[in-house]
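First the structure, in the form of structure tokens, and then the observations on it.
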Amino acid sequence: MKPDPATAVSIVEVAPRDGLQNEHQIIPTDIKIAWINALSRTGLRRIEVTSFVRSDRIPQLADAEAVLARIDRVPGVAYGALVPNRQGLERALVHRPDAIALFTAVSETFNQRNIGASIEESFARFIPVVAEARAAGLPVRGYLSTVIGCPYEGVIDPGKAAAVAERFMLLGVDEVSLGDTIGVGTPEQVRRLLDQVVQRVPVPRIAVHFHDTYGQALANVLTALERGIRVIDSSVNGLGGCPFAPGASGNVATEEVVYLLEGLGCPTGVDLPALLRAGELVGQILGRPPVSRLARVPRESPWLEPGKTWNRES
């Protein structure tokens with residue numbers, strides 16, 4: 001890939017929402033807030049901080065109002081929230097998110113297990129949500145799960161994924177995030193998927209969201225970059241998973257995406273050591289070592305100094 005400075009890559013940090021939703025150990029609200037504040041100081045420009053779902057479905061995110069209300073807003077950073085329906089949006093609007101996100105799946109079975117609705121029903125729910133978000137001046141993102149594989153239906157037809165992505169565009173969202181929810185995708189599958197999606201959705205409005213269950217996430221990110229995609233979802237420390245997709249592991253690690261992009265000559269503006277320190281905040285509470293390999297590199301390594309040693313000729 002030959003990076004084009006005119007089309008900078010945007011990283012969407014999803015750890016505070018997607019990274020925590022599968023964790024059974026409840027992280028105290030004050031710790032979440034301190035963590036998001038630390039992420040805000042790393043140079044990241046888009047952070048999805050929580051989800052306004054039912055607390056009995058995702059207990060980890062029951063403190064959505066408190067988190068969104070109490071974080072320190074850093075100028076230039078957009079703080080987003082995911083909402084399942086109009087009720088979730090109304091809860092979120094009280095605390096002024098900078099963007100909202102909706103979610104559905106390509107797999108009918110997964111959608112029923114996840115949100116208790118068909119794809120058709122989920123889009124019917126979205127219509128008033130998008131209208132109200134627009135009236136509030138908020139950009140809207142559409143998450144599309146199981147774009148490559150489903151734990152219940154198996155391999156997903158890329159043409160079907162593209163058709164549902166187009167429905168999001170027709171609904172009026174600003175961006176569609178293509179999610180390999182269970183992390184089974186390979187670069188060839190990603191190529192086939194994007195070949196279909198770009199025929200229906202403008203490339204600047206496509207994001208990718210890869211989980212790393214089978215160790216392919218970073219390779220899939222590179223494949224998407226080569227196809228012109230410039231919005232990458234990731235999760236610091238590789239946190240994540242899906243409570244409705246048994247066996248799915250975490251998202252591609254933000255620190256590894258940053259390292260990849262800088263090595264390609266794509267400046268991210270992210271302070272990698274600060275990002276790694278931010279990742280440690282929640283990792284220590286959870287009591288587990290970091291998932292990403294880069295997070296285990298000694299901090300004194302010169303290769304972690306932004307802009308000083310990456311992309312060298314020799």
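In this structure, does Leu178 turn out to be assigned to a helix (DSSP H, G or I) and under 23 Å from Arg45 (Cβ atoms)?
Working: assigned to a helix (DSSP H, G or I): no; under 23 Å from Arg45 (Cβ atoms): yes.
When the stated conditions are applied, Leu178 does not pass them.
It is to be established whether one or more residues within region 242-259 are modelled with pLDDT of 90 or more, closer than 20 Å to Pro151 by Cβ and not in a helix (DSSP H, G or I). Scanning region 242-259, I find at least one residue that is modelled with pLDDT of 90 or more, closer than 20 Å to Pro151 by Cβ and not in a helix (DSSP H, G or I), so the answer is yes. Between Leu68, Leu20, the distinction of being within 20 Å of Val94 (Cβ to Cβ) and touching a residue at least 24 places away in the same chain (Cβ under 8 Å) belongs to Leu68 only. Quick check: is even one residue across region 162-169 at pLDDT 95 or above, under 18 Å from the mean Cα position of the chain (by Cα) and under 18 Å from Phe103 (Cβ atoms)? Checking region 162-169: at least one residue is at pLDDT 95 or above, under 18 Å from the mean Cα position of the chain (by Cα) and under 18 Å from Phe103 (Cβ atoms). Among the residues making up region 227-241, a single one is over 24 Å from Val197 (Cα atoms) and β-branched (Val, Ile, Thr): Val236. Considering region 129-140, the residues that are in a loop (DSSP other than H, G, I, E, B) and either touching a helix residue (DSSP H, G or I) at 6+ places or on another chain (Cβ under 6 Å) or touching a residue at least 12 places away in the same chain (Cβ under 8 Å) (or both) include one that is nearest to Arg167 (Cα to Cα), namely Pro139.
Residues in region 141-155 that are more than 30 Å from Asp98 (Cβ to Cβ), touching a Ser or Thr at 6+ places or on another chain (Cβ under 6 Å) and in a loop (DSSP other than H, G, I, E, B): Tyr152, Glu153.
Considering only region 89-111, I want to know if a residue exists there that is among the charged types (D, E, K, R) and in contact (Cβ under 8 Å) with a residue 60 or more places away in the chain. Within region 89-111, not a single residue is among the charged types (D, E, K, R) and in contact (Cβ under 8 Å) with a residue 60 or more places away in the chain. None of Arg191, Arg200 is of a type outside the set (A, V, I, L, M, F, W, C), over 25 Å from Thr29 (Cα atoms) and assigned to a helix (DSSP H, G or I) except Arg191.
Does Val197 meet the test of being within 16 Å of Asn220 (Cβ to Cβ), among the β-branched types (Val, Ile, Thr) and free of Cβ contacts under 8 Å to residues at least 60 places away in the same chain? Break it down stepwise before answering.
Working: within 16 Å of Asn220 (Cβ to Cβ): yes; among the β-branched types (Val, Ile, Thr): yes; free of Cβ contacts under 8 Å to residues at least 60 places away in the same chain: yes.
Yes.
The values are calculated or read from the model by the stated rules, or taken from the named source; none is laboratory data. Predicted model, so just to flag it, every value in this text is computed and none were measured. All Cβ positions, even for glycine, are placed from backbone atoms using ideal geometry, and neighbour counts span all protein chains on display.
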